[in-house]
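J.: This is the structure I have questions about; it appears just below.
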Amino acid sequence: MDMHTVVVGTSGTTAEDVVAVARHGARVELSAAAVDALAAARLIVDALAAKPEPVYGVSTGFGALASRHISHELRAQLQRNIVRSHAAGMGPRVEREVVRALMFLRLKTVASGHTGVRPEVAQTMADLLNAGITPVVHEYGSLGCSGDLAPLSHCALTLMGEGDAEGPDGTVRPAGELLAAHGIAPVELAEKEGLALLNGTDGMLGMLIMALADLKNLYTSADITAALSLEALLGTDKVLAPELHAIRPHPGQGASADNMLRVLAGSGLTGHHQDDAPRVQDAYSVRCAPQVNGAGRDTLDHAAVVAGRELASSVDNPVVLPDGRVESNGNFHGAPVAYVLDFLAIVAADLGSICERRTDRLLDKNRSHGLPPFLADDAGVDSGLMIAQYTQAALVSEMKRLAVPASADSIPSSAMQEDHVSMGWSAARKLRTAVDNLARIVAVELYAATRAVELRAAEGLVPAPASQAAVAALRAAGAEGPGPDRFLAPDLAAADTFVREGRLVAAVEPVTGPLA
C-alpha cells in the first residue's frame, strides 16, 4: 500500500489524487479548513432542522415523497431508511478501484462544506478508505441522475455498519464485523446526512478519471504501434512532416505525428515506395494514423476539462450556501460526465478499428509488400498470426457495439419526478470494458508489427533504434518472435500486459525522448 497521503480540502481534488487513492491505496486526511467548513455548514442544517417549516432533505421525504413533512422523532429513521432502501443494486460486484474512487469523491464533496454532513461522518469515510474496507457495490442500480444512487447507498450502508464489504485481505464479510476489527464506530446518521451521502456523480466521475489515465497510455502506445506497422510495411514517413500538420493545426494530430516521427528516426525500412512494388501513397490506415489518433487525443483533452470542472464541484441536493441558505438544485444530473464518457467510447472504438486494419494489412501477402502470408514461418504448414487477427477483429466488433451512446437514452423513474436521467453510470461501465479491449487490440498490432519488423531485419533492412528497443523489451517480457507455430495465447497475454502497464512507452522513450 502506498504511504502517500492525500489531503482533502474544501476546493475539490485532482485526477492524480483520485488515482492515487483508488488504485494505489494512498492515505486520506481531512484538512483543518475542511473540518471547519463541515462544522459551520452543520450548524446551518441543525438550525433549519429545529424550525417548524419543512426543508427538503432535512425534514421531508425524498424524490416523489418530498411533500411529506417528517417529525423530529422519525428523522433519524428517515436517514437510515433512505440508505437501506436505496442500497438496491444487483448484478456482479464492481471493481475495488471503482468503489474506492466513488468513496473518495463523495468525501471530496462532503468536505466542501456544502452538504451539511457532520465532521465525524466525513472522518469515518476517510477511516474506511485508510483501513482498506471496500463496500460491496453492484453493477446495476444507477440511472446517473440524483447521483449514482444505489452504488453510493451501498457505500453509506457500510458506514452504518450494515451490509457486506471486502476487507484489506480481499475477504467479503459483514460490514459491522470489519468496522469492529479496525476500531471504527458505525455512523448514526442525523438530518440530511443519508441524502448527502448518495446524491452525487462520483461513480461515473471516478471511472472517467481512471479511463483517462489508461487512455493516455494507450494513445501513446498506439502511436508507437502505428509507427512500427508503417515501418514494417516499408511505408513513407514523409507524411509525418511537421509542416504538413501545421496547416491543419489540431494539437492532437501534431502530437501523434511527432510521436511517430520520433519512433521512426533512423529507420532503414521507410521510404521504399519505388522499390519492387511501386506505390504513390500508403493506405489510409497507415497514412492517416496521426489524424485518427490525434482526433482521439483531442477528445481526451476535452474530457479532461470536463473532469476537472467536476472535480472542483460540490454535487448534492439540497446544498448549503455560504449565506446560510439551503437550496434545491439540479447539479446532480450526470449529463456533462455522461456525454464525455460516450465520446471516449467512440474514439476508443475508432482507434481499435484502425489498429486492426493495419494488422490485417501486415498479414495479407497481397498488401504487405513482401512479408510472408500471416507472418508465418512456413505458410500452409504454419498459420502464423491468422487467428490473432480474428481475436483482434472480434474485440473491434465489440468496441463498435460499446460505442453506442448510453447518454442518448433516458428512462423515467421515481413516479415521474426524475423524468429525465443521464445514464452516465452505464456509459462509464461500458467505457471500462472498451478501454480493457483497446489494450488487447493495441497489443495484437504490436505483436504483429514487431514480428514483421524482425522479418524485415532478417532480410538486411535495419529498423529504427526505437523499434529495436520495443522489440527487445517485448521479447524480454515473454512475447516470442518469429518461428514455427506455437501456443499463441500466452504470447498475446504477455503483449497485453506489456502495453497496459505502460512498458511499451517506457521501452522507447530512452531512445525517442518523452512522447506526448
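The values are calculated or read from the model by the stated rules, or taken from the named source; none is laboratory data. No experiment lies behind these values; they were computed from the predicted model shown. Positions of Cβ are generated from backbone atoms using ideal geometry, with glycine treated the same way; all protein chains shown enter the neighbour counts. Only protein heavy atoms, including side chains, enter the accessible area calculation; ligands, DNA and RNA are left aside. Shrake-Rupley method; radii C 1.70, N 1.55, O 1.52, S 1.80 Å.
J.: Please give the number of the condition residue 55 fails out of (1) exposed (fewer than 15 other Cβ atoms within 10 Å of the Cβ); (2) touching a helix residue (DSSP H, G or I) at 6+ places or on another chain (Cβ under 9 Å).
T.: (1)
J.: Scanning the stretch 136-176 for residues that are assigned to a loop (DSSP other than H, G, I, E, B) and charged (D, E, K, R), which turns out most open to solvent (accessible area, probe 1.4 Å)? Outline the logic, then answer.
T.: Pass one, the stretch 136-176, residues assigned to a loop (DSSP other than H, G, I, E, B): 136-137, 141-148, 160-163, 167-171.
Now drop any that are not charged (D, E, K, R), which leaves 148, 162, 169.
Values: 148: 0, 162: 52, 169: 118 Å².
Across the stretch 136-176, the extreme among qualifying residues is 169.
J.: Pick from the stretch 365-401 the residues that are more than 18 Å from residue 459 (Cα to Cα) and of a type in the set (Asp, Glu): which of them is most open to solvent (accessible area, probe 1.4 Å)?
T.: 398
J.: Among the numbered criteria (1) open to solvent by less than 20 Å² (accessible area, probe 1.4 Å); (2) among the hydrophobic types (A, V, I, L, M, F, W, C); (3) modelled with pLDDT of 95 or more, which single criterion is violated by residue 295?
T.: Just one mismatch for residue 295, condition (1).
J.: Select from the stretch 171-212 the residues that are small (Gly, Ala, Ser) and either modelled with pLDDT of 95 or more or at positive phi (or both) and list them in ascending order. Let's see the steps before the verdict.
T.: Step one: filter the stretch 171-212 for residues small (Gly, Ala, Ser), giving 175-176, 180-181, 183, 185, 190, 194, 196, 200, 203, 206, 211.
Correct list: 175, 176, 180, 181, 183, 185, 203, 206, 211.
J.: Moving on. With respect to residue 434, determine if the residue is under 29 Å from residue 255 (Cα atoms) and in contact with a Ser or Thr (Cβ under 9 Å, 6 or more places away or on another chain). Talk me through it step by step, then tell me what you get.
T.: Numbers: under 29 Å from residue 255 (Cα atoms): yes; in contact with a Ser or Thr (Cβ under 9 Å, 6 or more places away or on another chain): no.
Spelling it out, it is not the case that residue 434 is under 29 Å from residue 255 (Cα atoms) and in contact with a Ser or Thr (Cβ under 9 Å, 6 or more places away or on another chain).
J.: Would you pick out the residues in the stretch 307-334 that are open to solvent by 20 Å² or more (accessible area, probe 1.4 Å) and in a helix (DSSP H, G or I)?
T.: Of everything in the stretch 307-334, those that are open to solvent by 20 Å² or more (accessible area, probe 1.4 Å) and in a helix (DSSP H, G or I) turn out to be 308, 309, 310.
J.: Search the stretch 23-67 for residues being farther than 24 Å from residue 103 by Cβ and in a helix (DSSP H, G or I), and hand back the single one that is nearest to the chain's Cα centre (by Cα).
T.: The extreme case among them is 64.
J.: Evaluate the following for residue 504: is it in contact with a Ser or Thr (Cβ under 9 Å, 6 or more places away or on another chain), within 15 Å of residue 228 (Cα to Cα), buried (at least 19 other Cβ atoms within 10 Å of the Cβ) and among the aliphatic types (A, V, I, L, M)? Don't jump to the end; show me each part of the working.
T.: Values: in contact with a Ser or Thr (Cβ under 9 Å, 6 or more places away or on another chain): yes; within 15 Å of residue 228 (Cα to Cα): yes; buried (at least 19 other Cβ atoms within 10 Å of the Cβ): yes; among the aliphatic types (A, V, I, L, M): yes.
Taking the combined requirement at face value, the residue satisfies it.
Residue-wise test of (1) among the polar types (S, T, N, Q); (2) open to solvent by 30 Å² or more (accessible area, probe 1.4 Å).
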residue: 10; (1), (2): yes, yes
residue: 13; (1), (2): yes, no
residue: 44; (1), (2): no, yes
residue: 94; (1), (2): no, no
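Results for (1) assigned to a helix (DSSP H, G or I); (2) open to solvent by less than 40 Å² (accessible area, probe 1.4 Å), shown as yes or no for each residue.
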| residue | (1), (2) |
| --- | --- |
| 427 | yes, yes |
| 448 | yes, yes |
| 453 | yes, yes |
| 457 | yes, no |
| 473 | yes, yes |
| 486 | no, no |
| 490 | yes, no |
| 515 | no, yes |
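J.: Do you know which residues across the stretch 85-111 are part of a strand (DSSP E or B) and within 20 Å of the chain's Cα centre (by Cα)? First the steps, then the outcome.
T.: At the first step, the residues of the stretch 85-111 found to be part of a strand (DSSP E or B) are 90-93.
Selection gives 92, 93.
J.: Just one of (1) farther than 12 Å from residue 117 by Cα; (2) touching a residue at least 24 places away in the same chain (Cβ under 8 Å) trips up residue 51, so point out which.
T.: Exception for residue 51: condition (2).
J.: While we're here: Out of the residues in the stretch 475-484 that are small (Gly, Ala, Ser), open to solvent by 20 Å² or more (accessible area, probe 1.4 Å) and part of a loop (DSSP other than H, G, I, E, B), which is nearest to residue 382 (Cα to Cα)?
T.: Restricting attention to the stretch 475-484, the residues satisfying the condition of being small (Gly, Ala, Ser) are 476-479, 481, 483.
Among the residues that remain, those that are also open to solvent by 20 Å² or more (accessible area, probe 1.4 Å) are: 476-478.
The next check asks that each one be part of a loop (DSSP other than H, G, I, E, B); those that pass are 477-478.
On the way: 477: 24, 478: 21 Å.
The residue in question is 478.
J.: Could I ask something else about it? Within the stretch 70-91, how many residues turn out to be more than 30 Å from residue 429 (Cα to Cα) and open to solvent by less than 60 Å² (accessible area, probe 1.4 Å)?
T.: Residues of the stretch 70-91 that are more than 30 Å from residue 429 (Cα to Cα), as a first pass: 70-78.
From what is left, the residues that are open to solvent by less than 60 Å² (accessible area, probe 1.4 Å) are 70-71, 75-76, 78.
Residues flagged as more than 30 Å from residue 429 (Cα to Cα) and open to solvent by less than 60 Å² (accessible area, probe 1.4 Å) within the stretch 70-91 amount to 5.
J.: Being of a type outside the set (Ser, Thr, Tyr) and open to solvent by less than 10 Å² (accessible area, probe 1.4 Å) narrows it down to one residue among 211, 255; which is it? Spell out the reasoning first.
T.: Details: 255 fails: open to solvent by less than 10 Å² (accessible area, probe 1.4 Å).
Only one candidate qualifies: 211.
J.: Considering only residues that are among the charged types (D, E, K, R) and closer than 13 Å to residue 135 by Cβ, which ones fall in the stretch 77-96?
T.: We begin by selecting, within the stretch 77-96, every residue among the charged types (D, E, K, R); these are 80, 84, 93, 95-96.
Listed by number, the residues that qualify are 93, 95, 96.
J.: A further question on this structure: I need a count of the residues in the stretch 101-153 that are among the small types (Gly, Ala, Ser) and more than 18 Å from residue 189 (Cα to Cα).
T.: Number of matching residues: 9.
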